[in-house]
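For reference, the structure discussed in these notes is given below.
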Amino acid sequence: MFEPLNALERALMAAATDPGARPAFTQRLLESTLYISPAGELGPDANMGSLVVVHLNDGAGDAAAVFTAAERVQEVVGADARVLARPGRELLEQLAGRPVQLNPNLAYGVVWSAADIDAILGRPHSEVVAKDEKILLGHPAERPEALIQALAQALGVRPEVKGAWLLLAHRASEPEPTWLLGVDHDGDWEPISRVIGEVVSHTDLGGKTLSATPLNDNTLGPRLRGGIPVVAPRATARKKRGLFDFLKG
């Protein structure tokens, strides 16, 4: 029997059976204290260093083991396990870029990919597409109007954004489709990524994650530009020619 030890575990149990309870669980996850078990010596200033990890069954490598209570660490790792507590958001930010398994080997838990962690933190997952990766892009049966409007408002005011399109991406490696946003832009990608992350953190994605990719020299560019227009393509203004330009022409 899994008897909840705190409010986070009660939220986890509710989310396991009720999809409508999952946003509340995600918010509580970020606000609660989470627990890990250092696998080696603690780093300087008690940094977490190496962690106890879980070997994922699908061949996806290792996931950092994270727990909802200190007692769960000892229940799974052992009575003598060292326990380190961290604020939920802070810990997930430190673990970003790698899979995480919450409460491994317990009745209630969840496995998150790196993209899932980005979504929980309100970051878009920046897509790097291998040339040989098979991705099926398609229009959704129902347009996500709230997401489209939020992205349009955030990106449409940025002069470096020259166009943006949204489609569903289906991959053989993932059981569920995800949103894929392609952006034509000038300059640095990082500020645009942060803006998209703000949208993701405040918008209902319909239970999906969102990846964003710059379209400069991207093999998906031609297909993504046939997607739902989020920011209409902007024509590059032609430079006004002067008298000497005509004489040179």
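Numbers below:
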read-out	value
Residue-count net charge about residue 216 - beta-carbon cut-off 12 Å; Lys, Arg +1, Asp, Glu -1	-4
Total formal charge among the other residues, if their Cβ is under 9 angstrom from that of residue 177, Lys/Arg +1 and Asp/Glu -1	0
Check: segment 7-120 dipole with +1 on Lys, Arg Cβ and -1 on Asp, Glu Cβ, in debye	200 debye
Overall form of segment 125-231 per C-alpha gyration tensor (a/c, 1.5; a/b vs b/c)	oblate
Cβ-defined net charge surrounding residue 161, 9 Å radius [Lys, Arg +1; Asp, Glu -1]	0
Placed amide H near residue 212: partners under 5 Å, 5+ positions off or other chain	125, 126, 127, 181
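We did not get these values from a lab; they are worked out from the coordinates using the rules stated. For clarity, every value in this text was computed on a predicted model and none was experimentally measured. When we count neighbours, we look across all protein chains shown, and the Cβ atoms used for this are built from the backbone with ideal geometry, even at glycine.
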